[in-house]
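The values are calculated or read from the model by the stated rules, or taken from the named source; none is laboratory data. From a predicted model like this one, the values you see are computed outputs, not experimental measurements. Glycine gets a Cβ as well: all are built from the backbone with ideal geometry, and neighbour counts include every protein chain shown.
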Amino acid sequence: MNPVCGVCGRDNIFTTCADCRMPLCDGCARFELLAEGCGTVIPAYFCPSCVSNPFANPNAIFWQMKEKN
């Protein structure tokens with residue numbers, strides 16, 4: 001049995017959440033760039049819950065501001 005997206009239930013998994021490791025389809029994955037060290041940027045994907053959680057995503061404040069507008 002293939003895993004399904006933990007958010008919407010679709011069966012075409014794109015990646016997993018960088019924090020909770022939930023399987024995500026391309027429509028539910030939230031892309032983020034994380035600063036790591038001196039000049040290094042790491043691409044990461046989060047689920048909709050973890051992307052706005054400051055304990056999971058250091059850039060969560062920007063997602064929280066975006067959701068309010």
Next on the checklist: Restricting to the stretch 37-68, give me the number of residues that are surrounded by 11 or more Cβ atoms within 10 Å (Cβ to Cβ) and more than 16 Å from D19 (Cα to Cα).
Outcome noted: 3
Checklist entry - Here are some conditions: (1) acidic (D, E); (2) touching a Cys at 6+ places or on another chain (Cβ under 9 Å); (3) assigned to a strand (DSSP E or B). D11 meets all but one. Which one does it not meet? => result (3)
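Could you tell me whether A29 is modelled with pLDDT under 90, of a type outside the set (F, W, Y) and surrounded by 10 or more Cβ atoms within 10 Å (Cβ to Cβ)? Outline the logic, then answer.
Values: modelled with pLDDT under 90: no; of a type outside the set (F, W, Y): yes; surrounded by 10 or more Cβ atoms within 10 Å (Cβ to Cβ): yes.
Spelling it out, it is not the case that A29 is modelled with pLDDT under 90, of a type outside the set (F, W, Y) and surrounded by 10 or more Cβ atoms within 10 Å (Cβ to Cβ).
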Checklist entry - So which residues in the stretch 29-69 are within 26 Å of D11 (Cβ to Cβ) and of a type in the set (D, E)? => result E32
Item to check | Members of the stretch 30-56 that are in contact with an Asp or Glu (Cβ under 6 Å, 6 or more places away or on another chain) and not in a strand (DSSP E or B) | outcome: C50, A56
Checklist entry - Counting only residues that are more than 20 Å from W63 (Cα to Cα) and either hydroxyl-bearing (S, T, Y) or touching a strand residue (DSSP E or B) at 6+ places or on another chain (Cβ under 7 Å) (or both), how many does the stretch 9-50 have? => result 6
